[in-house]
Amino acid sequence: KQINSRQACFGITTYQGKKKQSKITLRYSYMMSLFKKFIKQHYSNFKFKSVYVNKNTVCKKHLDSKNVGESLLVGFGKYTGGRTILHIEGLDTPRHFHIKTNSLIFNGSQIIHSSEPFIGTRYSLVFFK
């Protein structure tokens, strides 16, 4: 278990085969309007149905099993390190990205990805279609 790590999913989620608003979305309904405002200013053409919020999370290599299509990944906070790594099939070496300075769009259900350890407080937002 990661110390001080937290995750929450806002927007539409699938539970027992049914799509519905997540419980945290119902509790903090204003958050979706903030996410929509952020996307409108940051990358207005990106359409999303849910947002996964991570705090101080280091991800091991994985594929997003329930993801469909591209996701938009944004990082912020006072941290160093913590690059996102894409393990792209056919490339000899993984690609590293600083999501704190440049957002990243990729299909997490088709590209294995992970993140590096970091120092400080790291947040990431993953916008899913």
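The values are calculated or read from the model by the stated rules, or taken from the named source; none is laboratory data. This one's a predicted model, so the numbers in the text were calculated from it and none came from an experiment. Cβ atoms come from the backbone with ideal geometry, glycine included; neighbour counts cover every protein chain shown. Protein only, heavy atoms only, side chains kept; ligands, DNA and RNA dropped before computing areas. Shrake-Rupley method; radii C 1.70, N 1.55, O 1.52, S 1.80 Å.
Counting only strands (runs of 3 or more DSSP E) that fall entirely inside the range 1-106 and contain at least 3 residues that are without any contact (Cβ under 8 Å) to a residue 40 or more places away in the chain, the qualifying elements are 6-15, 18-21, 84-87, 95-97.
Scanning the range 63-83 for residues that are at pLDDT below 95 and of a type outside the set (A, V, I, L, M, F, W, C) yields Asp64, Ser65, Lys66, Asn67, Gly69.
Looking across the range 77-110, the residues that are open to solvent by 40 Å² or more (accessible area, probe 1.4 Å) and β-branched (Val, Ile, Thr) come down to Thr80, Ile88, Thr93, Thr101, Ile105. Just one of (1) at pLDDT 95 or above; (2) open to solvent by less than 60 Å² (accessible area, probe 1.4 Å); (3) among the β-branched types (Val, Ile, Thr); (4) farther than 12 Å from Val126 by Cβ trips up Val53, so point out which. Against the list (1) at pLDDT 95 or above; (2) open to solvent by less than 60 Å² (accessible area, probe 1.4 Å); (3) among the β-branched types (Val, Ile, Thr); (4) farther than 12 Å from Val126 by Cβ, Val53 comes up short only on (4).
For the range 89-107, a tally of residues being modelled with pLDDT of 95 or more and farther than 19 Å from Arg122 by Cα returns 5.
Residues in the range 116-129 that are in contact with a Lys or Arg (Cβ under 7 Å, 6 or more places away or on another chain) and in a strand (DSSP E or B) were compared, and the one that is most open to solvent (accessible area, probe 1.4 Å) is Tyr123. Tallying residues that are open to solvent by 40 Å² or more (accessible area, probe 1.4 Å), more than 19 Å from Lys19 (Cα to Cα) and out of contact with any Phe, Trp or Tyr (no Cβ under 7 Å at 6 or more places or on another chain) within the range 59-76 yields 5. With the structure loaded, tell me whether Phe48 is over 25 Å from Lys20 (Cα atoms), of a type in the set (Phe, Trp, Tyr) and modelled with pLDDT of 95 or more or whether it fails that test. No, not satisfied.
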